[in-house]
Amino acid sequence: MVFNSLVFLFFFVVVYSLYRLLPHRGQNILLLVASYFFYGWWDWRFLSLILLSTTIDFISGRIIGNAAPRQRRRRIALCISVTTDLTILGFFKYFNFFAENLAAGLQQLGITTSIHHLQIILPVGISFYTFQAMSYTLDIYRGQLRPARSFLDFATFVAFFPQLVAGPIERAAHLLPQIQNPRTVTRAGIESGAWLIAWGLFKKCVIADNLAIMVDGVFNGGTPTGAVALLAIYAFAFQIFCDFSGYSDIARGLGRLMGVDLMVNFNNPYFALNPKDFWARWHISLSSWLRDYLYIPLGGNRKGPRRMYINLALTMLLGGLWHGAAWTFVAWGAFHGLLLVVYHAWSDRFLVKGALDSGRWLWLRRVWMFHLVCLGWLFFRADSLGQVATMLREMFGHFAWNAEAANMLATLLLLCLPLWLVQGLQVKTRDLLAPTGLSWVPRTALYAVIILMFLALGNTGGGAFIYFQF
């Protein structure tokens, strides 16, 4: 069941109608049942995994929180929780990847093995709810959170259907109290929620799904010309942003309709000035998770520059691997790790604070950073490292403009024009809900453009979101 489908529309109308009639506890029961139904729609068998993870993390959290003087017992409970979560994630997501590469490595040494490839189906959203559940017990162990008293509340926090499958990866300190306490649905929440849902659906169904046709045609076809390859990378940059941020917007909008505030997951990332700024704007829930639960525990920047560079590189490598079991994702993570290392090394030694903060320099830095990010997207989207090499060779060795490239550019400009206008307004006002505050004339014009483009170009086939595969 996907947000951009008639099935989900019917599902949400029924759930929301009941939700508005029930008291707080009844709402939570409804949310849990609805969330399990929503997740089980793909494959009911995988409900056992989320139930197992939820149960172990809930029990472990109670043990950790109630055994303050007994450090050994707390550590054992934490280890059981983290080990269970990572084992489930590792088996379903990485078993075949590591098994195949181990067999290939041994074969290079002349050792024949009988490691078999298992027919494993990756449970949708497993990376998201696993990290969300893990942060709960880790925060309790650190003394930053008290364990939940109610299994119903905790299970609802883990499985809350608007953000279950593709985030944002919520922290218990932010979302759990909203589950535990009565919620109020306000007019402002309904209005902002409706805008977020509409804007998210527009980004997904109009921009991302139409750009996907262009991108897939290039990456799944033969060897493209340099201009076509470059435009396909640009198109994918906006496809993945509109697809993923569109999901996050819809999730936040659904939450607001129910009186729940979900965190901002994207903040105009293509306006970033440097690699550090980019990761403070892109998939914020994951980048902050990696910072708090991996980078800082590794030592962060507290043990000197050299150790900081190692920690940055390792964090981004694992961040790349989080996205999928493929060397292209590892290379993408390594690329962003390298960008962060070079940026910190260069800025610490040579950048004078404020020297490049004037208007002209700001835009040059944004354009430069955008193209570095696009280069990274080539690794992310390519089917293999060989395809990365082929497309780079065509772009830098055989760049030729042709009719196909011209059509691709025109399509890209047409589809993304409303996006650029809205983002420009958001950046200028520093308000992600800025369109809802426009006077009635420009707001009506914007809404009219969105509606007309949706009617003319919107994909109503319920296509899956890119990040469902992670």
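At a glance:
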read-out	value
Set Arg146, Arg183, Arg142: member being open to solvent by 50 Å² or more (accessible area, probe 1.4 Å) and closer than 20 Å to His24 by Cβ	Arg146
Selection from region 310-338 of residues that are without any contact (Cβ under 8 Å) to a residue 40 or more places away in the chain and open to solvent by 50 Å² or more (accessible area, probe 1.4 Å)	Ile310, Leu314, Leu317, Leu318, Leu338
Pair list, Cβ < 8 Å and 6+ apart or interchain, from region 140-158 residues that are under 10 Å from Leu32 (Cβ atoms) and free of Cβ contacts under 8 Å to residues at least 40 places away in the same chain to residues that are of a type in the set (Val, Ile, Thr) and open to solvent by less than 10 Å² (accessible area, probe 1.4 Å)	Phe157/Ile179
Qualifying residue in region 374-382 (condition: closer than 22 Å to Asn210 by Cβ and in a loop (DSSP other than H, G, I, E, B))	yes
Residue within region 288-307 that is under 30 Å from Ala198 (Cβ atoms) and either open to solvent by less than 40 Å² (accessible area, probe 1.4 Å) or out of contact with any Ser or Thr (no Cβ under 7 Å at 6 or more places or on another chain) (or both) present	yes
Residue that is open to solvent by 40 Å² or more (accessible area, probe 1.4 Å) and either without any contact (Cβ under 8 Å) to a residue 40 or more places away in the chain or among the hydrophobic types (A, V, I, L, M, F, W, C) (or both), where the choices are Leu385, Leu412, Leu372, Leu433	Leu385
Conditions (1) surrounded by 13 or more Cβ atoms within 10 Å (Cβ to Cβ); (2) over 27 Å from the mean Cα position of the chain (by Cα); (3) of a type in the set (Ser, Thr, Tyr): number failed by Ser17	(1)
Filter result for Leu201 (over 30 Å from Ala235 (Cα atoms) and in a helix (DSSP H, G or I))	no
Count of region 16-52 residues which are over 21 Å from Pro177 (Cβ atoms) and part of a helix (DSSP H, G or I)	18
Filter result for Pro224 (in a loop (DSSP other than H, G, I, E, B), at pLDDT below 90 and open to solvent by less than 50 Å² (accessible area, probe 1.4 Å))	yes
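The values are calculated or read from the model by the stated rules, or taken from the named source; none is laboratory data. Since this is a predicted model, take the numbers as computed values, not measurements. Please note: Cβ atoms are built from the backbone with ideal geometry, for glycine as well, and neighbour counts cover all protein chains shown. Ligands, DNA and RNA are stripped out before the accessible areas are found, and what is left, the full protein with its side chains, is counted by its heavy atoms. Shrake-Rupley method; radii C 1.70, N 1.55, O 1.52, S 1.80 Å.
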